[in-house]
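Asks: Can you read through this structure? Questions will come right after.
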Amino acid sequence: MVSIMNVVGARPQFIKVGPVSRALAEAGVAEILVHTGQHYDVLMSDAIMEDVGLRSPDLNLGVRSDSHATQTAQMLEGLENAILEFRPDAVLTYGDTNSTLAAALAASKLGVFTAHVEAGLRSFNRSMPEELNRVATDHLSDLLLAPTKTALAHLQREGLERRSALVGDVMVDALLSIDLDRVELPGWATTGPFYVATVHRPANTDDPSRLAAILEALGSLDKPVHLLAHPRLRDRLEAYRMVTKGSLQVHEPLPYAKMLAVMRVSHGLLTDSGGLQKEAFILGVPCTTLREETEWPETLEGGWNVLAGSRLETLPKLAGRTPDPMRSSPFGDGKAAARIVEEVLRRIP
Ligand code: UD1
């Protein structure tokens, strides 16, 4: 029986692996699920895993937050041992985190077939740790599973065409598997129009003047802004002793299904997350991105997403805009997981 190791560690990876895990089971493939431990807070890890119907991992490496080198090195060591112990036929990695890079490096150096889900994304901003993780993972992997035509074009330009396949975006599979009408909204989402926001990128959280400018801009919007705080943001708010003002209210992160349900009824999303920009596009919610660039240029179509990184003073105007009602479906048909499994099984030597 073919066995495949799925390596995950951070919140968005628990979401992406769900549909692939189910598709592997349907294809009769044995799955070994490894959690590096990168995200460990209940709301960042267990609650999300439960929400997307993921079983308990076969192994949790328990690697916690540290410097990038230390965190990645500990994962690398743990993953090498895990691959030697379980001897999978292939290792699947997801997205752009330190867990992704560690898994690709450990597996490829052991000569184990390595596939990267969500390959080919580029922000072309090399000061982002995620960009370095993506580029390195793509070049290390044996199979590059691109979610969009744009991603595939990036891989072609880097000479990786023969190892690449366009499969669609597995986050569409994940989103479509949730019945949003059955999800109970938090109380604050039921009392009139509001915006929802998230901020977690180091470029936005770790520079006090940048973070203060973001909080001020969010606080100046004409409707309540509910900011769902990633642990890094909560930590920086405390460290810099920053208080939120105006329309801004801070909450704990939400589980996956609730996040989607809240976003769907919101007036708009303000975020620096990659995945949320895309989910907003799919749900038809205007997104304002608190960055200078996006890995998902398709979302800019018809004004559904705008990049407001250096234009924070125009946030009230941008957030209130009305996008063009027509939009295409560049992220695929929600059947990416089945194609991923098919491609992996076809290409394992
Ligand atoms: C990681 C990914 C990023 C992804 C994001 C999703 C890298 C380099 N970045 O960033 O691509 O978009 O996950 O959320 O891998 N912390 C906790 N509890 C947790 C997790 C983190 O308290 O469960 C705190 C830690 O103090 C840490 C900070 O949050 O300092 C950031 O954690 P880190 O592992 O650096 O990853 P993210 O910023 O979440």
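The values are calculated or read from the model by the stated rules, or taken from the named source; none is laboratory data. For clarity, every value in this text was computed on a predicted model and none was experimentally measured. Ideal geometry is used to build each Cβ from the backbone, glycine not excepted, and the neighbour counts take in all protein chains shown. Accessible surface is based on the protein model in full, side chains and every heavy atom, while ligands, DNA and RNA are left aside. Shrake-Rupley method; radii C 1.70, N 1.55, O 1.52, S 1.80 Å.
Asks: Residues that are open to solvent by 40 Å² or more (accessible area, probe 1.4 Å), out of contact with any Asp or Glu (no Cβ under 8 Å at 6 or more places or on another chain) and not aromatic (Phe, Trp, Tyr): which helices (runs of 4 or more DSSP H) entirely in region 42-120 hold 3 or more of them? Full working, then the answer.
Replies: On the way: elements: 46-51, 68-86, 98-109.
The helices (runs of 4 or more DSSP H) meeting that bar are 46-51, 68-86.
Asks: For region 235-275, how many residues are assigned to a helix (DSSP H, G or I) and either more than 15 Å from the ligand (Cβ to nearest atom) or surrounded by 16 or more Cβ atoms within 10 Å (Cβ to Cβ) (or both)? Working first, answer last.
Replies: Step one: list which residues in region 235-275 are assigned to a helix (DSSP H, G or I), which gives 235-239, 256-265, 274-275.
Subset that is either more than 15 Å from the ligand (Cβ to nearest atom) or surrounded by 16 or more Cβ atoms within 10 Å (Cβ to Cβ) (or both): 236-237, 256-265, 274-275.
Qualifying residue count, region 235-275: 14.
Asks: Moving on. Out of Pro349, Pro323, Pro297, report the one residue that is open to solvent by 50 Å² or more (accessible area, probe 1.4 Å) and over 18 Å from the mean Cα position of the chain (by Cα).
Replies: Working: Pro323 fails: open to solvent by 50 Å² or more (accessible area, probe 1.4 Å); Pro297 fails: over 18 Å from the mean Cα position of the chain (by Cα).
That would be Pro349, the only listed residue that is open to solvent by 50 Å² or more (accessible area, probe 1.4 Å) and over 18 Å from the mean Cα position of the chain (by Cα).
Asks: Hey, another quick one. Taking interchain pairs and intrachain pairs at least six residues apart, which have beta carbon atoms under 6 angstrom, with the first residue in region 213-231 and modelled with pLDDT of 95 or more and the second basic (Lys, Arg) and assigned to a loop (DSSP other than H, G, I, E, B)?
Replies: Gly219/Lys245
Asks: Among the residues of region 109-147, which ones are hydroxyl-bearing (Ser, Thr, Tyr) and under 25 Å from Glu342 (Cα atoms)?
Replies: Of all residues in region 109-147, those hydroxyl-bearing (Ser, Thr, Tyr) come to 114, 123, 127, 137, 141.
Scanning region 109-147 gives Thr114, Thr137, Ser141.
Asks: From the set of residues in region 204-223 that are open to solvent by 50 Å² or more (accessible area, probe 1.4 Å) and under 20 Å from His267 (Cβ atoms), which is farthest from the ligand (Cβ to nearest atom)?
Replies: Asp222
Asks: Go over the candidates Ala27, Ala23 one by one and state the one that is more than 10 Å from the ligand (Cβ to nearest atom), in contact (Cβ under 8 Å) with a residue 60 or more places away in the chain, under 21 Å from Asp89 (Cα atoms) and open to solvent by 20 Å² or more (accessible area, probe 1.4 Å).
Replies: Values: Ala23 fails: open to solvent by 20 Å² or more (accessible area, probe 1.4 Å).
Result of the check over Ala27, Ala23: Ala27.
Asks: Next up: Would you confirm, using the coordinates I've provided, whether Val34 is surrounded by 21 or more Cβ atoms within 10 Å (Cβ to Cβ), touching a residue at least 40 places away in the same chain (Cβ under 8 Å) and over 18 Å from Leu143 (Cβ atoms)?
Replies: Values: surrounded by 21 or more Cβ atoms within 10 Å (Cβ to Cβ): yes; touching a residue at least 40 places away in the same chain (Cβ under 8 Å): yes; over 18 Å from Leu143 (Cβ atoms): yes.
Yes: the conditions hold for Val34.
Asks: Can you tell me how many residues in region 225-234 are open to solvent by 20 Å² or more (accessible area, probe 1.4 Å) and part of a helix (DSSP H, G or I)?
Replies: We begin by selecting, within region 225-234, every residue open to solvent by 20 Å² or more (accessible area, probe 1.4 Å); these are 230-232, 234.
Remaining after also requiring part of a helix (DSSP H, G or I): 231-232, 234.
Adding up the residues that qualify gives 3.
Asks: Can you name the residue in region 1-20 that is assigned to a loop (DSSP other than H, G, I, E, B) and open to solvent by 30 Å² or more (accessible area, probe 1.4 Å) and, of all such residues, is nearest to Arg201 (Cα to Cα)? Give the derivation first.
Replies: We begin by selecting, within region 1-20, every residue assigned to a loop (DSSP other than H, G, I, E, B); these are 1-2, 9-10.
Subsequent filtering for residues that are open to solvent by 30 Å² or more (accessible area, probe 1.4 Å) retains 1-2.
On the way: Met1: 41, Val2: 38 Å.
Only one residue tops the list, namely Val2.
Asks: Exactly one of these conditions fails for Leu152: (1) within 16 Å of the ligand (Cβ to nearest atom); (2) not aromatic (Phe, Trp, Tyr); (3) not in a loop (DSSP other than H, G, I, E, B). Give me its number.
Replies: So Leu152 meets the others, but not (1).
Asks: Then there's this: Do we find a residue being within 16 Å of the ligand (Cβ to nearest atom) and of a type in the set (S, T, N, Q) anywhere in region 164-180? Reasoning before the result, please.
Replies: Step one: list which residues in region 164-180 are within 16 Å of the ligand (Cβ to nearest atom), which gives 169-171, 174.
Still in the running and of a type in the set (S, T, N, Q): none.
Within region 164-180 (the criterion being within 16 Å of the ligand (Cβ to nearest atom) and of a type in the set (S, T, N, Q)), the answer is no, since none of the residues qualifies.
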